[in-house]
Amino acid sequence: MAASRLEAADRVTLLMAFVPYLIDQGAVPVDQLAAHFDITPAQVQELVQLLAMSGVPGDNGFYQHQDLFDINWDLFEEEQIVELWQHVAVEATPRFSAREAAALLAGLQYISAIVPDKDKSVIEQLVSKIALGASAAPENLLVTPAASPVDLDVIRQAVAAGLSVHFSYQNAAGERLSRTVDPLRLDLVGESWYLRGWSHEREALRTFRLDRISELTVSTQPITTTLTHGDLPDELFDISDSHIRVSCVVEESSLPLISAYRPVVMSAAEGDTVQIEVAFSDLSSVPVFVSQLPGAIRVVSPPEAVSAVSRWAQQALTGYNA
């Protein structure tokens, strides 16, 4: 940020973060505040002067001493340290409920494993701020980080260098394919991470599950697509008229376990089961889908999908008895 005076919008935004930080940290040197908020010491001085004139008027509409922020001026002027002696209105700020704070903290813990090392301190600061900003102490949750099955630093290096990535990919049919992709975005669906990017081989957008990727390296080919991560739709997979729509019966409680396949609930079935519809690009993917929940998914239609699963099960049985 430039050393010039802060714009009004910047002052308001900084003050909203400035006050909670001072309340949490206590007496803070001006240089530390400048480094933390990425501003100059002169701009910190400007914020302190503004803060001293800020507050909330009393019931009579006038400002009394207790209605204004109070600074330890001796400490500030002699040692360039900022300490709040009195703060107002902060307690009136809407706060997260304990449940909301716990949910946010769980999310941060879950993604912490894929955050670059240089940003881990930011995650730690967010965790601290959310916990302090809750209306009550959040529940203590232990969330296993969503560890990535591949080295994400390779993808970051490729993006920084303007190069694509190269890897071996196992598709739904179990085939190993060589792919060169311009990486655009990582998405988490359920417990699975997906890489979305522009495939050089297909000359189209494609989605790849990270746990099916191996031998990931930065390629020598420059990124060719002009698309950015903001151009991608929220849906992981595009469904076209050529896709096969397969009707299945599954326990309703199991739906979250197959969320990556985007099942559409069509109607209730017997007991606690529901009838769903899932779109597949080819029949070879149907047995792979069924194997996600052995014995809990029953394919109903079309007949060719039922036959594909039957043949797959018979081959597995034959191999088991051999």
For segment 248-322, run through the GluC sites (Glu not before Pro) and keep only the ones in DSSP coil with at most 11 other Cβ atoms within 10 Å of their Cβ. E270
Please turn the phi angles of segment 75-83 into ³J(HN,Hα) values with the Karplus equation 6.51 cos²θ - 1.76 cosθ + 1.60 (θ = phi - 60°), one per residue in order, whole Hz, x for glycine and proline. 5, 5, 6, 8, 10, 6, 10, 9, 9
Once phi is turned into θ = phi - 60°, what whole-Hz ³J(HN,Hα) does the Karplus curve with 6.51, -1.76 and 1.60 give for every residue of segment 206-218, x standing for Gly and Pro? 9, 10, 10, 6, 5, 6, 9, 9, 9, 6, 6, 9, 7
What FRET efficiency would be calculated for the residue pair A42, T217, taking the C-beta separation as r and a Förster radius of 56 Å, to the nearest 0.05? 0.75
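Coordinate-derived values only; no laboratory data. Everything quoted here is computed from the prediction, not taken from an experiment. Counting neighbours? That spans all protein chains shown, and the Cβs are built from the backbone with ideal geometry, glycine included.
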